[in-house]
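Have a look at the structure below, then the notes.
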Amino acid sequence: MSHSISRSNSEKLFQKAKTYFPGGVNSPVRAFKSVDGNPLFIKRGDGYKIWDEDGNEFIDFCASWGPLILGHNHPAIYRKVVEALQNGTSFGAPTALENELAELILSRNPFIDKIRFVSSGTEAVMSALRLARGYTGRNKVVKFEGCYHGHTDAMLVKAGSGLVTFGESSSAGVPAAFVNETLVLPLNDEAALRSCFQQHGFDIACAIIEPIPANNGLLLQGGEFLKTLRSVCSEYGALLFFDEVISGFRVSFNGAAAYYGITPDIITYGKIIGGGLPVGAYGAREEIMSCVSPDGPVYQAGTLSGNPVAMAAGIAQLTVCAEEGFYQDQEKRTKAFVENVNTYAKEKGYDFEFVTIGSIFWFNFDGKKNITRADQINPDMSKFKQLHAFLLNNGVYIGPSGYEVGFISSVHNPEILKKAAEVIKQGLDHVMA
Ligand code: PLP
């Protein structure tokens with residue numbers, strides 16, 4: 001169990017990649033910096049498995065950071081994408097496939113009347129923030145500490161020390177003026193929320209939240225705080241903005257809005273909606289969406305928006321997700337997996353538990369239960385790092401950061417989940433005992 005896998009091809013590719021890309025990667029978390037390692041270069045995926053360039057095989061729980069809810073190389077997605085590809089890759093003109101994906105979503109979704117497809121989650125958030133400001137005629141935006149909304153300027157903000165602070169950017173290159181309008185609040189803190197709205201409420205265009213915060217641990221809010229947020233937004237005429245880039249089509253077809261039974265005013269989607277190809281989207285009720293160009297004055301456009309190959313992948317994936325019982329089955333398998341590991345950890349007296357919702361899980365090494373705020377997470381990730389290395393060496397691939405969550409796909413059958421749980425239990429023995 002203490003063996004190390006061969007990594008020589010990945011190492012060579014990484015050395016080369018470092019001469020091409022900053023940090024050797026095209027998105028920072030891939031660089032394995034949080035686990036003090038070097039990335040594996042992935043060659044192929046099929047079902048729940050991925051293989052790296054050295055021929056090592058893994059059970060994959062990263063799932064491309066969430067989009068692959070049907071696993072890798074799903075036959076329905078493959079067929080639909082190839083069919084679309086045979087007709088060409090892009091036209092810059094409308095295609096029937098855009099209507100088909102919109103119909104699939106809107107006919108089932110009671111929260112939005114219209115949708116606009118873009119090419120990433122970041123782009124969806126950026127566009128929807130502009131829409132919220134354009135619709136309300138207000139500038140300020142409330143965001144919550146620990147929620148990630150992509151890398152748009154106004155959202156790269158961390159909280160200061162006070163209950164309510166004007167944002168200070170956590171990235172170089174963002175002018176102070178861009179984040180001056182972003183107010184950062186702690187999650188699950190009703191008093192801070194009310195006091196912020198009392199002070200600024202009628203200047204606030206929207207409050208944006210990951211209703212299931214899953215980018216900084218898994219900070220489950222429960223319905224109560226979200227309901228309070230809904231009512232406070234309504235009281236001040238601010239829009240409630242659910243960023244469902246992770247939770248959309250993940251915890252239910254209609255995301256966290258349906259899961260908690262709360263109606264937001266604006267929603268963004270990404271990840272699963274594109275079946276593994278680059279798609280994001282934002283939607284709202286008719287009155288709000290009528291502000292978007294060319295119907296209204298809020299400008300937003302995209303050369304590759306609604307790309308036919310990406311639409312085809314999304315249609316194939318969401319068609320499977322819309323089948324009766326899909327989400328119940330996802331949750332059932334995930335629960336069994338999580339309980340298997342959690343029961344073991346408890347018996348052994350380890351300060352560890354999986355936090356879970358739907359088919360998402362997070363490695364919580366802190367022993368603190370019911371963590372709902374970013375500042376409650378133990379910043380010491382040493383145990384996670386050791387576990388991560390152990391899992392890689394024993395055929396289980398998880399995202400290379402202790403703040404990231406894992407995803408269960410429809411192809412993770414009960415047998416394979418049992419097998420993965422056994423490896424994780426051995427890993428816990430290795431790092432906790
Ligand atoms: N919003 C949320 C909640 C996300 O989790 C992410 C990405 O992880 C984004 C926005 C940004 O999406 P993308 O990486 O597609 O730009």
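The values are calculated or read from the model by the stated rules, or taken from the named source; none is laboratory data. Bear in mind that the values here come from a model prediction, so they are computed numbers and not experimental data. Cβ placement follows ideal geometry from the backbone for every residue including glycine, while neighbour counts extend to all protein chains displayed.
With the requirement that a residue be in contact with a helix residue (DSSP H, G or I) (Cβ under 7 Å, 6 or more places away or on another chain) and of a type in the set (Gly, Ala, Ser), what does region 343-388 give you? Listed by number, the residues that qualify are 345, 358, 359.
Just give me the residues in region 112-128 being more than 10 Å from the ligand (Cβ to nearest atom) and surrounded by fewer than 22 Cβ atoms within 10 Å (Cβ to Cβ), in sequence order. Those that are more than 10 Å from the ligand (Cβ to nearest atom) and surrounded by fewer than 22 Cβ atoms within 10 Å (Cβ to Cβ): 113, 114, 115.
Can we say residue 347 is assigned to a helix (DSSP H, G or I), over 16 Å from residue 433 (Cβ atoms) and without any contact (Cβ under 8 Å) to a residue 12 or more places away in the chain? For residue 347, the condition - assigned to a helix (DSSP H, G or I), over 16 Å from residue 433 (Cβ atoms) and without any contact (Cβ under 8 Å) to a residue 12 or more places away in the chain - is not met. Tallying residues that are within 12 Å of the ligand (Cβ to nearest atom) and under 14 Å from the mean Cα position of the chain (by Cα) within region 236-275 yields 18.
A Cβ distance below 6 Å, combined with a sequence gap of six or more or placement on separate chains, defines the contacts here; from region 27-39, residues that are modelled with pLDDT of 90 or more and aromatic (Phe, Trp, Tyr) reach residues that are outside any helix (DSSP H, G or I) and within 16 Å of the ligand (Cβ to nearest atom) in the pairs 32/400. Screening region 276-286 for residues that are assigned to a strand (DSSP E or B) and more than 10 Å from the ligand (Cβ to nearest atom) and picking the one that is farthest from residue 232 (Cα to Cα) gives 281. The residue that is surrounded by the most Cβ atoms within 10 Å (Cβ to Cβ), counting only those in region 293-311 that are of a type outside the set (Gly, Ala, Ser) and in a loop (DSSP other than H, G, I, E, B), is 307. Considering 397, 350, 327, the condition of being over 23 Å from the mean Cα position of the chain (by Cα) and not acidic (Asp, Glu) is satisfied by 350 alone.
Within region 50-64, the set of residues being of a type outside the set (Gly, Ala, Ser) and over 21 Å from the mean Cα position of the chain (by Cα) comprises 51, 52, 53, 54, 56, 57, 58. Would you please name the residue that is farthest from residue 426 (Cα to Cα), looking only at residues in region 345-379 that are of a type in the set (Asp, Glu) and at pLDDT below 90? Taking the candidates together, the pick is 375.
Here residue 290 meets the list (1) of a type in the set (S, T, N, Q); (2) farther than 18 Å from residue 327 by Cα; (3) buried (at least 22 other Cβ atoms within 10 Å of the Cβ) almost entirely, failing just condition (3).
Between 37, 66, the distinction of being out of contact with any Asp or Glu (no Cβ under 8 Å at 6 or more places or on another chain) and either within 16 Å of the ligand (Cβ to nearest atom) or over 30 Å from residue 383 (Cα atoms) (or both) belongs to 66 only. All conditions in (1) farther than 29 Å from residue 229 by Cβ; (2) away from the ligand (no atom under 12 Å from the Cβ); (3) in the same structural domain as residue 371 (by TED's automatic domain parsing) hold for residue 86, with the sole exception of (3).
Tell me, please, whether a residue that is without any contact (Cβ under 8 Å) to a residue 24 or more places away in the chain and on the phi < 0 side of the Ramachandran plot can be found in region 124-134. Taking every residue of region 124-134 in turn, none turns out to be without any contact (Cβ under 8 Å) to a residue 24 or more places away in the chain and on the phi < 0 side of the Ramachandran plot.
Scanning region 199-219 for residues that are more than 12 Å from the ligand (Cβ to nearest atom) and either surrounded by fewer than 20 Cβ atoms within 10 Å (Cβ to Cβ) or of a type in the set (D, E, K, R) (or both) yields 199, 200, 201, 202, 203. When we screen 131, 104, 156 for residues that are more than 16 Å from the ligand (Cβ to nearest atom), aliphatic (A, V, I, L, M) and touching a helix residue (DSSP H, G or I) at 6+ places or on another chain (Cβ under 8 Å), the only hit is 104.
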